[in-house]
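All remarks here apply to the structure that follows.
Just so you know, all these numbers are worked out from the coordinates, no wet-lab data involved. Because the structure is a prediction, the values reported are computed rather than measured. Neighbour counts are summed over all protein chains in view; Cβ atoms, including those assigned to glycine, are modelled from backbone coordinates with ideal geometry.
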Amino acid sequence: MKFLAITLIVHAPDPVTGMAKTTGERFREVIGNALLAEELGFDGFGVGERHERPFISSSPPVVLSHLAALTSRIRLFTAVTTLSLLDPVRAYEDYATLDHLSAGRLELIIGKGNGTAQRELFQVTPEDQWDRNAEGYELFRRIWRQDKVTAAPRFRPALTDAEVWPRPLQRPIRVWHGSATSRESVDLAARYGDPLFSANVTHPIEPYAELVRHYRERWEAYGHDPARAVVGAGTAGYYAARTSQEAIAAYRPVFEGRLAFQKQLGLEPVFPTLEDFVERSSALIGSPQQVIEKVHRYHEEFGHTVLHLHADAGGLTDAQHRASLELFQSDIAPVLRRDIPDPPFDWAPVLGTPEPASPPADR
């Protein structure tokens, strides 16, 4: 099993102390968390893309390019690239550049994104967002693989023998499809033979498990080898301590602060108590053994081989956050790596491999 640390770069007051960082301090915190993830042995670090408050993750290529210069091993993910909002030609230029700057450590998780404010900002409607996402991915994918592209898309100007530079290092790049609530993204992933990444954050397991089952069904319907279907899954929170009592006591102020914030926004909480959150959500809170057992329970439903944890302290102290991640790598990750297989593809970066004359077959 592989493990990612992911941040959406939320810029909001600390849910426990109420203290707010400046924008610069928040970005420096992200940098520190990425360096910590590499130091501790995480396989990947992801940066989300959102274009509305309280997020400041509107430019993941810039953030990830900076991280590429400061790291050497960890793979760099987008989580997610919102192709429904972007010009796929411009998105290709950014990520092909980042592909070289990271020496082939880049992976994309794409999706339509969500949020009314960012749809309005880019004049995308609920009716056309899925079509935009599918069209954007198809064009992005072609540009990545083909030196010249002719296309007449619906949502951007036509291309005629267009050459888009730079040409990428990874030919092709691995693209995951983020899945939260809809079958459209699941079907798109299955159609192209791409891996799926289940959000698995907001609700109990059932709706996410149903989408993963649908992905595997569509994967086979499109004629792909069932053994090559790959699923990743998120978690709603993480904090491990030597005993469950320690973990619950430390995480309670974090949960209560977030619950108060949800109520302030007028949102009805899905999990009204910490005990319910620990029991029915995907959050991994407890002793190392409890965390291991819960990941196994989810694996029985998803068959996932990649797992993400939150990269941010999110109300924990820096010391608590580091100690919990260290405990994950010392006591939890080795067991899960032993028990649950890796995805059936190479995880190593390209590291400057010369570009082939013609693209190889899809991964």
Take Val62 and decide whether it is buried (at least 24 other Cβ atoms within 10 Å of the Cβ) and within 27 Å of Leu4 (Cα to Cα).
-> no
Of (1) surrounded by fewer than 16 Cβ atoms within 10 Å (Cβ to Cβ); (2) in contact with a Leu (Cβ under 9 Å, 6 or more places away or on another chain), Leu211 satisfies all except one. Which?
-> (1)
Within region 255-295, the count of residues that are within 20 Å of the chain's Cα centre (by Cα) and either small (Gly, Ala, Ser) or surrounded by fewer than 16 Cβ atoms within 10 Å (Cβ to Cβ) (or both) comes to 3
Ser287 vs. criteria closer than 24 Å to Pro341 by Cα and touching a residue at least 60 places away in the same chain (Cβ under 8 Å) | no
Could you grab me the full set of residues in region 303-324 that are in contact (Cβ under 8 Å) with a residue 40 or more places away in the chain, farther than 28 Å from Val231 by Cα and among the charged types (D, E, K, R)?
-> none
Which condition breaks for Glu49 when tested against (1) touching a strand residue (DSSP E or B) at 6+ places or on another chain (Cβ under 9 Å); (2) among the charged types (D, E, K, R); (3) under 27 Å from Ile340 (Cβ atoms)?
-> (3)
Filter region 68-91 down to residues that are farther than 19 Å from Val124 by Cβ and surrounded by 23 or more Cβ atoms within 10 Å (Cβ to Cβ), then give me how many there are.
-> 4
Check whether at least one residue in region 240-248 is under 19 Å from the mean Cα position of the chain (by Cα) and part of a loop (DSSP other than H, G, I, E, B), and report yes or no.
-> no
Taking only pairs six or more apart or across chains, which ones have beta-carbon atoms under 7 Å, a first residue in region 101-130 that is under 20 Å from Pro153 (Cβ atoms), and a second residue that is among the aromatic types (Phe, Trp, Tyr) and surrounded by 13 or more Cβ atoms within 10 Å (Cβ to Cβ)?
-> Leu108/Tyr95; Leu108/Trp176; Ile110/Tyr137; Lys112/Trp130
Report those strands (runs of 3 or more DSSP E) wholly inside region 143-227 carrying at least 2 residues which are in contact with a strand residue (DSSP E or B) (Cβ under 6 Å, 6 or more places away or on another chain) and farther than 22 Å from Leu307 by Cα.
-> 149-151, 159-162
